[in-house]
Amino acid sequence: MTETARRIVLASRPIGGPTLDNFRLEEIPIPQPGSGQILLRTLWLSLDPYMRGRMSDAPSYAKPVSIGDVMEGGTVSEVVTSNVPGFARGDIVVSRAGWQTHALSDGSGVQKVDPARAPISTALGVLGMPGMTAYMGLLEIGKPAAGETVVVAAASGAVGSVVGQIARIKGARTVGIAGGPDKCRYVIEELGLDTCIDHRAPDLATRLAAACPKGIDVYFENVGGAVFEAVFPLLNPFARIPVCGLISIYNATSLSPGPILLPQLMRAVLTKRLTFRGFIVTDFAARYGDFMRDVSGWVGEGRIKYREDVVEGLENAPRALIGLLRGENFGKLLVQVAPASA
Ligand SMILES: NC(=O)c1ccc[n+]([C@@H]2O[C@H](COP(=O)([O-])OP(=O)(O)OC[C@H]3O[C@@H](n4cnc5c(N)ncnc54)[C@H](OP(=O)(O)O)[C@@H]3O)[C@@H](O)[C@H]2O)c1
């Protein structure tokens with residue numbers, strides 16, 4: 001084990017897209033756990049789009065990271081020392097330890113991971129927060145019925161890939177939207193969606209309309225912007241729109257009105273009886289057991305596949321988060337911070 005711990009703190013707030021200057025790598029002594037504390041060593045750090053929001057002090061559903069504080073993040077960690085009943089040296093846990101090699105915890109919110117069930121990194125992806133987001137948003141809000149058309153944005157990503165595959169399991173016709181031919185090929189050939197539309201190629205609206213000849217019954221919104229503009233005219237009466245994320249505007253410095261104006265949107269909501277519902281995954285915390293039962297079952301049976309995009313080393317987390325916000329990741333973005341002890 002290294003003698004010093006390393007951590008990445010928020011050095012300044014970004015204006016527009018984050019830059020490397022917004023982060024600072026620090027070295028500190030490894031913290032010593034007191035009574036009622038455990039010392040965690042980070043193995044895997046999850047990088048997620050919400051982190052852009054925590055870097056900003058604009059009002060949101062969660063508190064921002066303060067300047068000089070460790071960047072927030074979910075981790076898979078190993079218990080090094082435990083002074084908390086129920087945790088022992090060597091346990092593998094999911095925790096919100098943040099962007100650092102070591103962290104102290106009182107055990108609250110720390111969940112054990114069963115390494116026999118699946119690779120431990122999946123506790124941050126398909127069997128973790130993004131998988132649960134997909135499961136709850138699609139099934140509780142989208143409610144896809146067999147034969148309906150489900151469209152999902154960011155379809156090759158951590159959330160979108162699980163949405164598309166659950167919709168397929170439920171018998172829907174599935175249309176992914178992703179950036180570039182490689183991601184679209186993956187969505188069709190590996191994830192088994194019926195088709196996938198490249199939102200970076202020209203004529204998105206025309207190609208999406210051709211892919212949805214019966215309109216759209218469920219649109220799982222991950223991105224907003226130009227993708228939503230192409231989806232909007234195709235929404236069927238009684239369509240359901242789980243609003244999960246709007247990544248296309250996370251780096252925006254101002255929100256300019258697009259071609260869909262508020263009166264048009266409200267008229268469509270009324271006349272087509274549309275249901276838009278925003279949600280945060282924690283709204284459904286009580287349903288964690290259902291999610292684990294179903295999604296771990298589907299992963300075990302090979303009916304849900306997943307892909308991880310692994311970056312080596314904590315020091316590379318800032319560059320990787322900047323890339324995530326530009327679509328440079330391909331699958332669930334993870335930082336391998338350290339290997340597990342032998
Ligand atoms: N509500 C919740 O509780 C909750 C929880 C987790 C995640 N989310 C949201 O779910 C969405 C997906 O998150 P994730 O973790 O699964 O990330 P991800 O899809 O693995 O990665 C983000 C992807 O977004 C796409 N993207 C980036 N900029 C874009 C733009 N300007 N226009 C269109 N697409 C763009 C890129 O895919 P392409 O290359 O395919 O464009 C990129 O790879 C995000 O909006 C996130 O904030 C919400």
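Residue count for the stretch 217-236, restricted to those that are in contact with a Ser or Thr (Cβ under 8 Å, 6 or more places away or on another chain) and buried (at least 23 other Cβ atoms within 10 Å of the Cβ): 4. Listed by first and then second residue, the pairs linking a residue in the stretch 258-280 that is in contact (Cβ under 8 Å) with a residue 60 or more places away in the chain and on the phi < 0 side of the Ramachandran plot to a residue that is in a loop (DSSP other than H, G, I, E, B) and not aliphatic (A, V, I, L, M), with Cβ atoms under 8 Å apart and 6 or more places separating them unless they lie on different chains, are F279/C244; I280/Y61. Would you pick out the residues in the stretch 139-153 that are of a type in the set (A, V, I, L, M) and out of contact with any Pro (no Cβ under 9 Å at 6 or more places or on another chain)? Across the stretch 139-153, the qualifying residues are L139, A145, A146, V151, V152, A153.
Looking at the structure I just gave you, is R287 at pLDDT 95 or above, under 16 Å from the mean Cα position of the chain (by Cα) and within 16 Å of the ligand (Cβ to nearest atom)?
Numbers: at pLDDT 95 or above: yes; under 16 Å from the mean Cα position of the chain (by Cα): no; within 16 Å of the ligand (Cβ to nearest atom): yes.
No: the conditions fail for R287.
Assess whether N236 counts as being closer than 27 Å to V281 by Cβ, in contact (Cβ under 8 Å) with a residue 24 or more places away in the chain and within 16 Å of the ligand (Cβ to nearest atom). Considered against the rule, which asks whether it is closer than 27 Å to V281 by Cβ, in contact (Cβ under 8 Å) with a residue 24 or more places away in the chain and within 16 Å of the ligand (Cβ to nearest atom), N236 comes out as no.
Look at A252 and say whether it is of a type in the set (A, V, I, L, M, F, W, C), modelled with pLDDT under 95 and within 15 Å of the ligand (Cβ to nearest atom). Step through it out loud before you land on a result.
Working: of a type in the set (A, V, I, L, M, F, W, C): yes; modelled with pLDDT under 95: yes; within 15 Å of the ligand (Cβ to nearest atom): yes.
Taking the combined requirement at face value, the residue satisfies it.
Just one of the numbered conditions (1) within 16 Å of the ligand (Cβ to nearest atom); (2) surrounded by fewer than 19 Cβ atoms within 10 Å (Cβ to Cβ); (3) in a helix (DSSP H, G or I); (4) more than 17 Å from the chain's Cα centre (by Cα) is not true of R267: (1). Looking across the stretch 310-330 at every residue that is buried (at least 18 other Cβ atoms within 10 Å of the Cβ) and not in a helix (DSSP H, G or I), the one that is farthest from the ligand (Cβ to nearest atom) is identified as V311. Going through (1) more than 16 Å from the ligand (Cβ to nearest atom); (2) part of a loop (DSSP other than H, G, I, E, B); (3) farther than 25 Å from V295 by Cβ; (4) free of Cβ contacts under 8 Å to residues at least 60 places away in the same chain one by one, G90 falls short only on (4).
Given the stretch 113-197, what helices (runs of 4 or more DSSP H) lie entirely inside it while holding 1 or more residues that are in contact with a helix residue (DSSP H, G or I) (Cβ under 6 Å, 6 or more places away or on another chain), away from the ligand (no atom under 13 Å from the Cβ) and free of Cβ contacts under 8 Å to residues at least 40 places away in the same chain? Answer list for the stretch 113-197: none. Of all positions in the stretch 63-71, at least one carries a residue that is in contact with a Leu (Cβ under 9 Å, 6 or more places away or on another chain), in contact (Cβ under 8 Å) with a residue 40 or more places away in the chain, exposed (fewer than 13 other Cβ atoms within 10 Å of the Cβ) and of a type in the set (S, T, N, Q).
Return a yes/no flag: does the stretch 302-325 have any residue that is over 17 Å from the mean Cα position of the chain (by Cα), more than 30 Å from P14 (Cα to Cα) and at pLDDT 95 or above.
Restricting attention to the stretch 302-325, the residues satisfying the condition of being over 17 Å from the mean Cα position of the chain (by Cα) are 302-303, 312-316, 319.
Now narrow it down to the ones that are more than 30 Å from P14 (Cα to Cα): 302-303.
Okay, now just the ones that are also at pLDDT 95 or above, so 302-303.
Yes, the conditions are met somewhere in the stretch 302-325.
As a summary of the residue check, F228 satisfies the conditions (1) within 14 Å of the ligand (Cβ to nearest atom); (2) closer than 21 Å to I120 by Cα except for the one numbered (2).
Scan R293, R273 and give me the residue that is farther than 21 Å from K170 by Cα, more than 14 Å from the ligand (Cβ to nearest atom), modelled with pLDDT of 95 or more and among the charged types (D, E, K, R).
Values: R293 fails: farther than 21 Å from K170 by Cα.
Matching residue, one of R293, R273: R273.
The values are calculated or read from the model by the stated rules, or taken from the named source; none is laboratory data. What you are looking at is a predicted structure, and each value in this text was computed from that prediction instead of being measured. Glycine gets a Cβ as well: all are built from the backbone with ideal geometry, and neighbour counts include every protein chain shown.
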